[in-house]
1. Sorted by packing (mean other beta-carbon atoms within 10 Å per residue), highest first, where do 29-35, 86-92 land?
2. With an 8 Å Cα cut-off and a minimum separation of 6 or more residues, compute the relative contact order for the chain in percent.
3. Rank-order 73-82, 9-18 by packing density, defined as the average count of other C-beta atoms within 10 Å over each peptide's residues, highest first.
4. Expressed as a whole percentage, what fraction of the accessible surface of the chain belongs to carbon and sulfur atoms when a 1.4 Å probe is rolled over the protein heavy atoms?
5. Specify the angular offset, from 0 to 90 degrees and rounded to the nearest 10, of the alpha carbon long axis of helix 13-42 from the longest principal axis of the alpha carbons in the chain.
6. Have a look at 7, 151, 113 and report the one farthest towards the positive end of the charge dipole of the chain, computed about the Cα centre with Cβ charges (Lys/Arg +1, Asp/Glu -1).
7. Go from 0 up to the bin containing the longest alpha carbon distance in the range 26-172, width 5 Å each, and give me the % of pairs per bin.
8. Tell me, rounded to the nearest percent, the portion of alpha carbon pairs in the range 51-90 spaced more than 14 Å apart.
Amino acid sequence: MRVFGRQVSKWWLLLLLPILVVGCPILLGLFFAGNNLAGAILGPPAIWNRPIHTPSQDELVGRYVESERHSDRPKTGPDAALELRSDGTMTASALPVDLGPMTTTCILSGPGTWRAPGGDQIILYPTSDGTPGTCESGGYSFLEVASRSKPYTLYWVLGDPDSGDGIWLKRQ
């Protein structure tokens, strides 16, 4: 075999086989790690827009209204709103739940309970009244706490968390 006009033995190609066998899975792993790191840094809420310390449940109490919406689907109805009370009860209004492109979208509206188990996530437990289009009773953990300090803003994830679709809720 000739490389740049020189005669080279073909045996060196056998050295590439172990390098490829070991290198390909490592490169694939680095690709996935880099993708997850980019999502953590740039994805909503970005790493620099998360609380410095884990907020207590009392720090999250208040009324939050929609301030911004990022979604491919058209908005129908009024702005979303959420009221979190100190006794663990809550009232949601027009908060959409989008579980992906193959499933239907439902709306969280009405009373329920909530808790902040730690970290920067809040779980909502609505009480369904069975009206068509409303979400079933159960736990919805699509709400993330944003902002470095009080007053916190909330980010409601729509669909795939990596898609960037969501609703920003600002405290009134």
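The values are calculated or read from the model by the stated rules, or taken from the named source; none is laboratory data. The shown structure was predicted, so the numbers you read here are calculated from the model rather than taken from an experiment. No Cβ is skipped: glycine too gets one built from the backbone with ideal geometry, and neighbour counts run over all protein chains shown. All accessible areas refer to the heavy atoms of the entire protein, side chains included, with ligands and DNA or RNA removed. Shrake-Rupley method; radii C 1.70, N 1.55, O 1.52, S 1.80 Å.
1. Taking the mean over residues of other Cβ atoms within 10 Å, the ranking is 86-92, 29-35.
2. Averaging sequence separation for qualifying contacts and normalising by length gives 21 percent for the chain.
3. 73-82, 9-18
4. Its accessible area is 62 percent carbon and sulfur atoms.
5. It works out to around 20 degrees.
6. 7
7. 2, 10, 18, 22, 20, 14, 8, 4, 2, 1, 0
8. Counting every Cα pair in the range 51-90, those more than 14 Å apart make up 60 percent.
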